[in-house]
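*Asks:* Just passing along the structure, written as structure tokens.
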Amino acid sequence: MSNADLVKRDLSVLWHPCTQMKDHEWLPVIPVRRARGVWLEDFEGKRYLDAISSWWVNLFGHSNPRINLALAEQADTLEHVLLAGFTHEAVIELSERLVEITPPGLERCFYADNGSSAVEVALKMSFHAWLNQGRPGKTRFVTLENSYHGETLGALAVGNVELYKQTYSPLLMETISVPSPDCYRREPGESWHDYSVRRFEDMESTLARHADEICAVIIEPLVQCAGSMRMYDPVYLKLLREACDRHGVHLIADEIAVGFGRTGTLFACEQAGISPDFMCLSKGLTGGYLPLSVVLTRNSIYDCFYDDYRKLTAFLHSHSYTGNALGCRAALATLDIFRDDNVIEANKQLAAAMHETSECFREHPHVGEVRQTGMILAIEMVQDRRSRKPYPWEERRGLKVYQHGLENGVLLRPLGNVIYFMPPYVITPDEIRLLADVAHQGIQVATAG
Ligand SMILES: *Cc1c(COP(=O)(O)O)cnc(C)c1O
């Protein structure tokens with residue numbers, strides 16, 4: 001079997017996600033034969049360093065022997081059983097451990113099978129909890145500009161990335177959106193902290209004005225990943241937690257992308273010392289192996305639904321694969337690796353290596369900013385370093401970096417003109433250097449002319 005055969009068969013029957021399929025007339029899809037650690041390998045033996053963790057899901061490398069073993073054992077015992085009326089060891093143990101490692105107060109786990117569905121669950125639960133408390137007027141959600149929470153209609157409605165949202169806007173519920181604390185927008189000389197505090201004024205006044213009709217604020221803690229890896233200071237989360245309490249509004253933390261160590265702590269909320277009312281997890285939850293998601297919430301919210309059946313207050317939401325046993329087992333094996341290998345501590349050195357290798361971008365005439373939060377590093381490619389004038393999107397310069405990366409054995413997948421590294425935690429400092437070198441050349445190529 002060759003790459004070309006598979007590409008041909010693929011293009012005659014598949015429709016790929018987030019893709020203008022016509023691009024594949026000149027930009028081939030890459031068939032992956034196998035993968036190990038940070039490396040993907042195609043059918044001709046060409047290797048690609050997976051610098052973006054296969055869309056931010058992979059944590060401990062592809063085909064990780066420890067997760068493989070746990071999955072094989074689970075498959076031999078129980079692959080799946082419905083979670084209504086039934087339960088199993090893997091989902092119980094996973095729930096116990098998630099309650100233990102997430103911020104205090106999150107005591108209940110509700111499962112779904114992908115990130116967008118977890119967001120839908122949190123939105124519905126928040127609304128429904130208020131309804132069950134006799135507050136039917138609370139029907140609206142507050143979101144940040146430039147936020148992303150998934151692609152299903154509810155999740156899309158609370159997101160704010162125009163490219164994904166605008167087409168479907170006639171179908172979407174209305175939300176209240178508030179300017180983002182995105183520190184790329186801060187004034188010269190202003191600190192992340194000061195800018196984030198300043199931006200909170202809009203949130204405060206919105207909550208003060210609309211609290212009676214608001215169910216919850218939904219937020220991506222510390223990094224707006226799909227929104228070009230824009231970052232802000234933890235102080236914003238601290239202020240938000242305090243304001244949500246004061247105004248009687250739930251706080252939903254969407255840690256689907258930033259959870260499991262990406263920001264340098266196991267969960268991003270830890271850096272602000274806060275506990276949300278709902279926390280959505282997916283992506284890294286299974287180490288990048290299987291689709292699984294979970295919403296953690298407080299017992300006080302769970303109690304709003306707990307009553308005699310005929311009161312009809314139950315949360316009647318389900319997905320067929322809710323709490324899938326294989327997914328839960330992969331998640332447990334992932335948590336074992338975090339515990340046994342002291343990963344969060346070890347990642348500090350990798351984050352420092354990422355910082356070091358990114359020096360070469362800082363003075364580049366076409367780089368407007370290099371920013372980093374833990375294991376996420378982003379490079380903003382611009383026309384002019386000083387004015388930060390962006391390149392017109394039609395020029396697709398990020399795509400040129402992508403192509404250069406592939407030619408040189410690195411999978412980068414820029415978000416527009418933002419090149420970023422979000423590698424699996426098994427990457428080595430040498431591989432980080434390789435990745436930075438290729439990205440640097442890629443920017444040279446993409447910004448020439
Ligand atoms: C990826 C993502 C989602 C959606 O998860 P899917 O599994 O792709 O549906 C939601 N929120 C954030 C912050 C994400 O990065």
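*Asks:* Please turn the phi angles of region 343-357 into ³J(HN,Hα) values with the Karplus equation 6.51 cos²θ - 1.76 cosθ + 1.60 (θ = phi - 60°), one per residue in order, whole Hz, x for glycine and proline.
*Replies:* Running phi through 6.51 cos²θ - 1.76 cosθ + 1.60 with θ = phi - 60° gives 4, 4, 5, 5, 5, 4, 5, 5, 4, 5, 5, 4, 4, 4, 6 Hz.
*Asks:* Quick one: the Cα spread of region 87-176 along its three principal axes, in angstroms, biggest first?
*Replies:* Between the extreme Cα coordinates on each principal axis of region 87-176 lie 44, 33, 24 Å.
*Asks:* Using Cα positions and a limit of under 19 Å, work out the lysines in reach of K389, with same-chain residues fewer than 8 apart set aside.
*Replies:* Leaving aside lysines fewer than 8 places away in the same chain, those within reach of K389 are K400.
*Asks:* Considering the chain as a Gaussian network with a 10 Å cut-off on Cα pairs, which listed residue, W26, W56, W39, attains the greatest mean-square fluctuation?
*Replies:* The residue with the greatest mean-square fluctuation here is W26.
*Asks:* Quick check on region 68-341: of the DSSP beta bridges with both residues there, what percent are antiparallel, nearest 5%?
*Replies:* 45 percent
*Asks:* Also, quick follow-up: Where does the charge balance sit around P28 when Lys and Arg score +1, Asp and Glu -1, over other residues with C-beta under 11 Å from its C-beta?
*Replies:* -3
*Asks:* Through the Karplus equation 6.51 cos²θ - 1.76 cosθ + 1.60, θ set to phi - 60°, convert the phi angles of region 140-153 into ³J(HN,Hα) values in whole Hz; use x for Gly and Pro.
*Replies:* My calculation for region 140-153 gives 10, 10, 9, 10, 8, 4, 6, 8, 9, 9, x, 10, 5, 4 Hz in order.
*Asks:* Build a GNM of the chain with springs between Cα atoms under 10 Å: which of R396, R433, R329 gets the top mean-square fluctuation?
*Replies:* R396
*Asks:* Okay, helix-only estimate at 222 nm for the chain: each DSSP H run of n ≥ 4 adds -39500 (n - 2.57), divide by all residues, round to 500 deg cm²/dmol; what do you get?
*Replies:* -11500 deg cm²/dmol, from helical runs alone.
*Asks:* Once the convex hull of the C-alpha atoms of region 27-175 is built, how many Å³ does it hold per residue, rounded to a whole number?
*Replies:* 194 Å³
*Asks:* Right, here's the next one. Quick check on the exposure proxy: order C183, C328, C244 from fewest to most C-beta atoms within 10 angstrom.
*Replies:* Starting with the residue having the fewest Cβ neighbours, the order is C183, C244, C328.
*Asks:* Under 8 Å for C-alpha pairs, at least 6 residues apart: give me the relative contact order for the chain, rounded to a whole percent.
*Replies:* Answer for the chain is 20 percent.
*Asks:* For region 39-48, just list the computed ³J(HN,Hα) in residue order, Karplus coefficients 6.51, -1.76 and 1.60, θ = phi - 60°, integers in Hz, with x standing in for Gly and Pro.
*Replies:* Calculated HN-Hα couplings, in order: 9, 9, 10, 8, 7, 10, x, 6, 10, 10 Hz.
*Asks:* Same structure, new question: So for region 68-341, considering every pair of alpha-carbon atoms, how many percent are separated by more than 33 Å?
*Replies:* 20 percent
*Asks:* Now a separate question. Mind checking which of F60, F260, F338 has the largest fluctuation in a GNM of the chain, springs on alpha carbons under 10 Å?
*Replies:* F338
*Asks:* A further question follows. Please state, as a whole number in µm²/s, the translational diffusion coefficient that the Stokes-Einstein equation yields for region 291-378 at 25 °C and 0.890 mPa s, with Rh defined as the Kirkwood radius across alpha carbon pairs.
*Replies:* 137 µm²/s
*Asks:* Same structure again: Among all the aspartates and glutamates, which ones have a C-alpha under 14 Å from K165's C-alpha, if same-chain residues fewer than 8 places away are not counted?
*Replies:* Correct list for K165: E145, E151, E174.
*Asks:* Could you tell me the distance between the Cα centroids of region 292-340 and region 258-274, to the nearest Å?
*Replies:* Going from one Cα centre to the other spans 21 Å.
*Asks:* What distance in nm lies between label points placed 7 Å from Cα along the C-beta direction at Q20 and E356?
*Replies:* Label-label distance for Q20 and E356, simple model: 4.1 nm.
*Asks:* Another one. What order, most packed first, do the peptides 231-238, 317-324, 213-220, 82-89 have when packing is the mean number of other Cβ atoms within 10 Å of each residue?
*Replies:* 213-220, 231-238, 317-324, 82-89
*Asks:* Region 158-226 to region 100-157: how many Å between their Cα centroids?
*Replies:* So the separation of the two Cα centres works out to 16 Å.
*Asks:* Could you tell me what percent of the DSSP beta bridges with both partners in region 211-334 are antiparallel, to the nearest 5?
*Replies:* Percent antiparallel among DSSP bridges in region 211-334 is about 45.
*Asks:* Evaluate the distance, in nm, between pseudo-label points positioned 7 Å from the Cα of V13 and of E363 along their respective Cα→Cβ axes.
*Replies:* 5.5 nm
*Asks:* Same structure, new question: Tell me the label-point distance for the pair E174, E162, using the 7 Å Cα-to-Cβ offset, in nm and rounded to one decimal.
*Replies:* My value for the distance between the label points is 2.1 nm.
*Asks:* Give the long-range amide H neighbours of Y425: residues separated by 5 or more places, or on another chain, with amide H under 5 Å away, using H modelled in the peptide plane at 1.01 Å from N.
*Replies:* It is F60, G61, by chain and number.
*Asks:* Amide H of G248: which non-local residues (sequence gap of 5 or more, or other chain) have their own amide H closer than 5 Å, using H built in the peptide plane?
*Replies:* none
*Asks:* Counting only residues 5 or more places away or on other chains, whose amide H sits under 5 Å from the amide H of R33 once H atoms are built in the peptide plane?
*Replies:* Distant-sequence amide H within range of R33: E41, D42, F43.
*Asks:* Quote the FRET efficiency, to the nearest 0.05, computed for S63 versus Q133 with a Förster distance R0 of 56 Å and r equal to the Cβ-Cβ distance.
*Replies:* The computed FRET efficiency comes out at 0.70.
Each reported figure results from applying straightforward, stated rules to the coordinates on display, with no laboratory input. What you are looking at is a predicted structure, and each value in this text was computed from that prediction instead of being measured. Ideal geometry is used to build each Cβ from the backbone, glycine not excepted, and the neighbour counts take in all protein chains shown.
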